[in-house]
Amino acid sequence: MSQHITVLLAAYNGVSYIEEQIRSILGQTLPPDQLLISDDGSTDGTVELLERLQAEYPSVLRLVAHKREGDYQDRWDQVPAPAMNFFWLLSQVSTKPGEYILLSDQDDVWHVDKIQVLLGKIKELEAECGDDHPILVHSDLEVTDQNLNIINPSLFAHNGTNPYRNTLAQLLVENPVTGGAVMLNGPLTAYFQTPPKCCFMHDWWMALTAACFGTIGFVPQALYQYRQHGDNSLGAGTKAGVEQAAERLNRQKEVEKNYQLMFDQADAFLWQFCDRMTGVQKETLTAFLKLQRQNPLKRALTIRKYGFRKTLVIGTWAQCVTMPGK
């Protein structure tokens, strides 16, 4: 079976860092067959830079404009703009076996063997599960400052999450998958041909989908530099445990908003994929949605029964106390 590798890059006002990222992608030990870049209306010179790079790499780099039509119209209160850009890009690629898709942020830098390592992992899982089985693999990453000085050599050590927590119940409350760290195969990409009604972020939605209908694999190796700077859409968290729980109590309005997005995402996921789910999966989603209508004691019992636990015990406790009710 032939293979075809596509990298999807969502761009917006990224002129400061995007060229370095693109050259790290095209300089891989296993280069992609296509680098598809969707610009979301940049005004800082990003488009002109991308046009110059497209002329330099005409056989690989393809620049397209995100079309805000139909299901892909702006819905910022339900689907963040970067997520919608990625969902639109995913609608432009093949979903056949042998297709492999990676996502790229505009401000990171990939290690030279990132594609090769992730492809090796996904093919290992395809050998076990079949070429037509939906698979997502992801890796660790280095957290850096804006000048690529390493803050922490491991994102998971940095934010205290566990990449092996990948059941549906666990992923409903905590997402360890970072979009820039993933590779998807074609059969999984088939689930993303219609954008969700609501999602917290595209990588969380992808992780839920892979957990529900396929397999998630993890490579315990940092395969790129995750640059932290003032313009990041989402950055790497730094607090865990008691410190994080105390902070949550001090910013209750933001916490309530995030919980609402989490529940809206779960509701959208159940609505979109209900017909494909098993009875156990439907029960899990339904039980999760009921948490917002339960008191702390009842909530704690439901969390224990279905496994809606966070990595740290203190995080699970905080859910029972700070989760807003309806």
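The values are calculated or read from the model by the stated rules, or taken from the named source; none is laboratory data. Predicted model, so just to flag it, every value in this text is computed and none were measured. Here the Cβ is made from the backbone with ideal geometry for all residues, glycine too, and neighbour counts use every protein chain on show.
Which members of segment 188-218 meet the condition of being β-branched (V, I, T) and touching a Ser or Thr at 6+ places or on another chain (Cβ under 7 Å)?
Step one: list which residues in segment 188-218 are β-branched (V, I, T), which gives 189, 194, 209, 215-216.
T189 - this is the single residue of segment 188-218 that is β-branched (V, I, T) and touching a Ser or Thr at 6+ places or on another chain (Cβ under 7 Å).
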Counting only residues that are within 17 Å of F213 (Cα to Cα) and touching a His at 6+ places or on another chain (Cβ under 6 Å), segment 115-170 contains a total of 0
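Considering only residues of segment 261-304 that are charged (D, E, K, R) and within 23 Å of T161 (Cβ to Cβ), which is nearest to the chain's Cα centre (by Cα)?
If we filter segment 261-304 for residues that are charged (D, E, K, R), which is where we start, we get 264, 267, 275-276, 282-283, 290, 293, 298-299, 304.
Then keep just the ones that are within 23 Å of T161 (Cβ to Cβ); that gives 264, 299, 304.
Numbers: D264: 17, R299: 27, R304: 26 Å.
Of everything passing the filter in segment 261-304, D264 is nearest to the chain's Cα centre (by Cα).
Going through segment 131-148 one residue at a time, which ones are outside any strand (DSSP E or B) and either closer than 20 Å to D203 by Cα or out of contact with any Pro (no Cβ under 6 Å at 6 or more places or on another chain) (or both)? Don't jump to the end; show me each part of the working.
Keep residues of segment 131-148 that are outside any strand (DSSP E or B), which gives 131-134, 145-148.
Matches in segment 131-148: H133, P134, D145, Q146, N147, L148.
Quick grid of which residues meet (1) of a type outside the set (V, I, T); (2) modelled with pLDDT under 95; (3) in contact with a Leu (Cβ under 9 Å, 6 or more places away or on another chain):
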position: M1; (1), (2), (3): yes, yes, no
position: I5; (1), (2), (3): no, no, yes
position: E19; (1), (2), (3): yes, no, yes
position: L26; (1), (2), (3): yes, no, yes
position: T29; (1), (2), (3): no, no, no
position: L36; (1), (2), (3): yes, no, yes
position: D39; (1), (2), (3): yes, yes, yes
Note on segment 8-36: residues assigned to a strand (DSSP E or B) and either polar (S, T, N, Q) or not assigned by the TED database to the domain that holds E56 (or both) are Q34
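Residues in segment 295-326 that are small (G, A, S) and either assigned to a helix (DSSP H, G or I) or touching an Asp or Glu at 6+ places or on another chain (Cβ under 6 Å) (or both): how many? If you could, list the steps in order and put the result at the bottom.
Filtering segment 295-326 down to residues small (G, A, S) leaves 300, 307, 315, 318, 325.
So of that shortlist, the ones also either assigned to a helix (DSSP H, G or I) or touching an Asp or Glu at 6+ places or on another chain (Cβ under 6 Å) (or both) come out as 300, 315, 318.
So the answer is 3.
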Report every pair of residues separated by at least 6 positions or lying on different chains whose Cβ atoms are under 8 Å apart, first residue within segment 81-103 and in the same structural domain as Y12 (by the TED database) and of a type in the set (F, W, Y), second in a loop (DSSP other than H, G, I, E, B) and surrounded by 17 or more Cβ atoms within 10 Å (Cβ to Cβ).
F87/V79; F87/P195; F87/P196; W88/H66; W88/P195
Selection from segment 98-121 of residues within 14 Å of M183 (Cα to Cα), outside any loop (DSSP other than H, G, I, E, B) and out of contact with any Gly (no Cβ under 7 Å at 6 or more places or on another chain) yields Y100, I101, L102, W110, K114, I115, Q116, V117, L118, L119, G120
Looking only at segment 149-182, count how many residues are assigned to a helix (DSSP H, G or I) and closer than 17 Å to K310 by Cβ.
11
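What residue, of H138, H66, is modelled with pLDDT of 95 or more and either at positive phi or surrounded by 15 or more Cβ atoms within 10 Å (Cβ to Cβ) (or both)? Write out each step before concluding.
Values: H66 fails: modelled with pLDDT of 95 or more.
Within the list H138, H66, the selection yields H138.
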So which helices (runs of 4 or more DSSP H) stay within segment 183-288 end to end and still have 3 or more residues that are modelled with pLDDT under 95, outside the structural domain of H138 (by the TED database) and farther than 29 Å from N147 by Cβ?
241-250, 252-273
